[in-house]
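Structure first, commentary second.
Taken together, the values in this text are just the output of simple stated rules run on the coordinates, not laboratory data. Remember, it's a predicted structure, so these values are computed and weren't measured experimentally. Using ideal geometry, Cβ is built from the backbone for each residue, glycine included, and neighbour counts are taken over all protein chains shown.
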């Protein structure tokens, strides 16, 4: 009377029990384990009997174990290994994070709104067939990914003080119309060349249709699909897909074709159309409105998070899901717009009377959706969020919910910002369909991937890898072997420390601080296990993609917009160089955000030795060049040094 017909959700515990029973039978033991089904607490237990199993019972158990194993491997449940009968050591708590990795959507996503429209707002839009037109909406069709092009790919000198030709060679200052002026006079042509040399060249790719904005010699503007090569990899866009963003004297920016040196313009005739012009007037000026940013939870001192429900209503909750994630979007001068991640059209606004609400973007009164984030006074742990428009009233929480107050009183106006992934990742092989699964194995079943917390230890990329399901740290004491330890972390214990380094061809490596062996997995095709190797092999089993685990209750399409280890032109990354959090610890507090971002920009795996390839919104928004893209600033010049310009926001403990 051991096992009746069992539903699929019990297959995994059934498999475990059968393995234990079979071990008794195979050794000839008279002590047979009777399996009890899960109790209210969800535990499956076994008790001993003195029954001697018959041969028919042995056959039944063997058959059931085989079926359970097959179902388990097929993905019906988590697979089981009989070696796991060993008692699991006591688990350690999730480590405290002092140097967080931020989550910033990359490449930056923006909407281009014409400043030449006489009546309603006209935004650049595109269609599935490649037609570029204008629209009044703010949907996916109006969004473009702003993909930086590094100086080498653009064919330009990286020295901003040199006037360069389109081939990257120094222009002949005596050549007529070269734009170089020995007397220091700046004309439009020299400004354009200067912009090209400052890594301010971009691809503009439709967020909805993945087509690149392009132009031709007739002045027509459209989008084009980039074909793939024989290996299935997308080819690089050509010269006609390169664009420069330059500050316009009419406000906003000119969007300049790098090949034709003409601006995208609103052309009026029988119908409003889009084309190239060279008049440098208001019809060629565009406001660059970012719609991507840094993703954070916004928590009160009593560990409750701000939630935005389906109707846009604000409340406080203990949950940490997609509804509690907020997107902090740079709007210029260190100011941010706080937008619901789940409802990208809803932002938190404060009117002139100090009343708080969620308002649709585009419907809010000017400036009412702008906030600053700065470190709270020393007696508090967190940040203070102030309204820009309403006399710097402070966002606060209390018994009646969310509101604003004039002065900071107690801890009601103090908030803690935590990156939306809570420092949790999966590690996937960059060149094989494998990921770290139930320790010590790697698996080809994505659903079986185990989650790891990356705890950064210092400024040099030293990390610990905390295995969440086991509550233990991965370590390598002996070269070739990887194990788990329940010993409390010790910065002097090299066995559990790993050096995380980006690879030039994508992904990251993790080398043991104990013996420099690289984290990899064995060549076994059936049950590959984690191990370490002495160097990079031809199979590249040592290159890992580091993928953030974002909150649930989001669409699969949203999940796909995040990945470390993909190229800038293909996907997005976990925001900013991976060493940024560590670097911020050594950047002086008085340093400007621009200096901070630029100083760490060169450490990004995707940067390709170019600051322009950082891709982070803040890096673009705070660029200091006076003739190029960036909020350089339509605000006061001294704002870069203010407390509210420090980034990333989740690293407020390091400010």
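Quick notes on this one:
- Three-way shape label, the range 239-381, alpha-carbon gyration tensor, a/c 1.5: prolate
- In range of the label at residue 357: residues from the range 295-320 whose backbone nitrogen is under 20 Å from the point 7 Å along Cα→Cβ: 307-316
- Taking other C-beta atoms within 10 Å as the exposure proxy, 340, 91, 403 rank 91, 403, 340 from fewest upward.
- The peptide list 353-361, 310-318, 283-291, put in order of mean Cβ contacts within 10 Å with the highest first, becomes 283-291, 353-361, 310-318.
- Sorted fewest first by neighbouring Cβ atoms within 10 angstrom, 463, 478 come out as 478, 463.
- Peptides 464-470, 545-551 ordered by packing proxy, namely the average of other Cβ atoms within 10 Å per residue, highest first: 545-551, 464-470.
- Ordered by the count of other Cβ atoms within 10 Å of each Cβ, fewest first, 326, 655, 341 give 655, 341, 326.
- Gain on full extension, evaluated as 0.36 nm per residue between residue 131 and residue 407 minus their Cα-Cα distance, stands at 94.2 nm.
- Label-to-label distance, residue 209 versus residue 643, with points set 7 angstrom from Cα along the beta-carbon direction: 4.8 nm.
- Potential extension, residue 458-residue 539 segment - 0.36 nm per residue separation minus Cα distance: 26.1 nm
- Note on residue 478 and residue 91: with the Förster distance fixed at 25 Å, the Cβ-Cβ geometry gives a FRET efficiency of about 0.60.
- For the range 309-445: rounded, prolate or oblate by the Cα gyration tensor [a/c cutoff 1.5]: prolate
- Model label sites at residue 492 and residue 239, defined 7 Å from Cα along the beta-carbon direction, differ in position by 6.3 nm.
- Subtracting the Cα-Cα distance of residue 224 and residue 277 from their residue separation scaled by 0.36 nm leaves 17.1 nm.
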